[in-house]
Every structure is written in C-alpha cells, then in structure tokens.
Amino acid sequence: MGTYYTTLGVSPGASQEEIAAAYERQRQRYDPERVAGLDPELQRLAAERSAELQRAYAVLGQPERRRAYDASLSGTPGPVAARQRGLTPRERRYTLAGVVIALALVGAIWVLTGRDGVPRGQAMSEVNRPAPAFEAPALDGGTISLASYSGDVVLLNFWATWCEPCKREMPALQEAHQRLGDQGLAIIGVNLTDDEQAQGGDTAKIRAFLDQFGVTYPNVLDIEGEVTNAYRVFPLPTSFFIDPQGRIRYVHIGELTLEDVTARFSELSREATATSAR
C-alpha cells in the first residue's frame, strides 16, 4: 500500500517546498480542462487521482499534520494484536467461505474466457485515435521517433523510478520484448525525466534502475515533458498499444502482465494480417 509521499511522488525527507512543487506538477497533469476530451473511463480515473492528490497534500502540505502522519507511519499495534489473538470460529468460517467463492469465480472465469487457449489479458479502455508523433533522446544515445516503428505494433510505456507498479511490471515487459520483439512488437519506455530531475534524479539513476531489471528494450527521456503532455498521461504506469497504422487502440493505466501484452499484440497483429490480405 502506498503512502501520501508516493502519491505525490516525493521522498519522506522532502522539504515543504518540494512537496508543494510536486503537488502543483501532479495537479496540472489532471486538470479537468486537460482531460475533457478523453474517454469517460479515463476522465473518471483522472478525477479519482485528483482527489487522491488533494488528500495527500492536505496532510503533507501542513507541517503539523505532516508530523502526525509521519508518526502514524511508524506502525500501530492494531494488526499485531489481531494476529496474536487469532481468528474466532465465526471469522474462520467467513474466511473459508470467501476463499471457496473466490476459487469458484476463478474457475468460472477460466472456463468462460480461457478454455480456447487464446490469451485474454485484462480488460482495457478501447480507443481509436492517431498516436501523437514524437522524437526524443534515447537513454543510450541518439534519438527515437515513433515514425520509425511504422508497421509494428508499438507498446508505449510511461514510467518513473519511484513508481512501484512500474517496478513490478518491468520483468513482464522485458520478457515480452524477448519473446515477441522478432515478431513485430516494439516496446518503447518513456521515462518522465522532467519529474525525475525535479526530485534530484539524473540519467545515471535512470540507467541503474533499468539495469537492475535487465531491461534491453529502448527507452526515451522525456526531458521537457512534451511526450507525456502529448499523450495526456495520468497515473503511472500508463501504457498505449498502437497498431501498425499508427493509431492508439488500447490505453491501460496500471501494471501490465505478460499475458496482457501478448493478448493485445496477438489481436492487433491478426487485424493487420487480415487487412493486408484483403
């Protein structure tokens, strides 16, 4: 579970000025005027994110409330006491019933959606709009442009070093790159470098972060935030699946799995093959 510090994207040792600057930066990203043209689901998520930011800043933006919050993070005896006393027979029955129901649901979902062996992945917001063109500096030197990947299925993944879901999904993205890179999948990471630098980070930190996960797919540095703004990125990670014709087809906010990537790639590849055969 994250803290108010992770919500704002700052460290627990951040100054009040850094906290205020981080809040303003994040608040602008979710401005209602900026998200007005997005799909209703994305607008809802942006509104929820704005509310989370306001709650976090209402606490961390006031020194006295921040001190009380920091004290609460040191831990409370409630969970420990609950573990020590154990569960009552009634609680055990409810827990067992919950497990049984959960297993039944998992089995039903598997039967209904997975029996044909076709990867499904998570449900994602479907769109159909041109992907904004960009050219940005690559972490390893040179530049990367979206236009150079015309004809491929492109997964554009926006991330940052402080983003916990980003850390969890990177092994899956790397595996997808290794499995599907030769079949027409291009994964491009977009680091929010402007935010990284605002928190004292640099390219060395970004490179070290990727190295620990063995990432070999290309990553660009969004130094001025232009790519992030063009795609109107909100929570991290946010990923865009772009078809071979250069149109955004799916937007996913949150952690991706290997199955998610495989499912979307397979679908968009089949569509491209069917279109070319006509």
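The values are calculated or read from the model by the stated rules, or taken from the named source; none is laboratory data. Note that the structure is predicted; figures quoted are calculated from it, not measured. Every residue, glycine as well, gets a Cβ built from its backbone with ideal geometry; the counts of neighbours run over all protein chains shown.
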Filter the range 7-18 for residues that are over 19 Å from residue 164 (Cα atoms) and of a type outside the set (Ser, Thr, Tyr); the one that is surrounded by the fewest Cβ atoms within 10 Å (Cβ to Cβ) is 17
Look at the range 160-186 and say how many of its residues are in contact with a Leu (Cβ under 9 Å, 6 or more places away or on another chain) and in a helix (DSSP H, G or I).
11
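With respect to residue 263, determine if the residue is aliphatic (A, V, I, L, M) and surrounded by fewer than 17 Cβ atoms within 10 Å (Cβ to Cβ).
On the way: aliphatic (A, V, I, L, M): yes; surrounded by fewer than 17 Cβ atoms within 10 Å (Cβ to Cβ): no.
No: the conditions fail for residue 263.
Only one of 195, 202 is among the charged types (D, E, K, R) and touching a residue at least 60 places away in the same chain (Cβ under 8 Å). Can you tell me which? Even if it seems obvious, please write down each step before you answer.
Numbers: 202 fails: touching a residue at least 60 places away in the same chain (Cβ under 8 Å).
The match here is 195.
Quick test for you: out of 216, 203, pick the one residue that is among the hydroxyl-bearing types (Ser, Thr, Tyr) and either more than 26 Å from residue 19 (Cα to Cα) or surrounded by 19 or more Cβ atoms within 10 Å (Cβ to Cβ) (or both). Give the steps one after another, and end with the answer.
Details: 203 fails: either more than 26 Å from residue 19 (Cα to Cα) or surrounded by 19 or more Cβ atoms within 10 Å (Cβ to Cβ) (or both).
Just one listed residue meets the conditions, 216.
Here is a yes/no grid of residues against (1) small (Gly, Ala, Ser); (2) at pLDDT 95 or above; (3) under 19 Å from the mean Cα position of the chain (by Cα):
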{"site": "128", "(1), (2), (3)": "no, no, no"}
{"site": "145", "(1), (2), (3)": "yes, yes, no"}
{"site": "159", "(1), (2), (3)": "no, yes, yes"}
{"site": "175", "(1), (2), (3)": "no, yes, yes"}
{"site": "179", "(1), (2), (3)": "no, yes, no"}
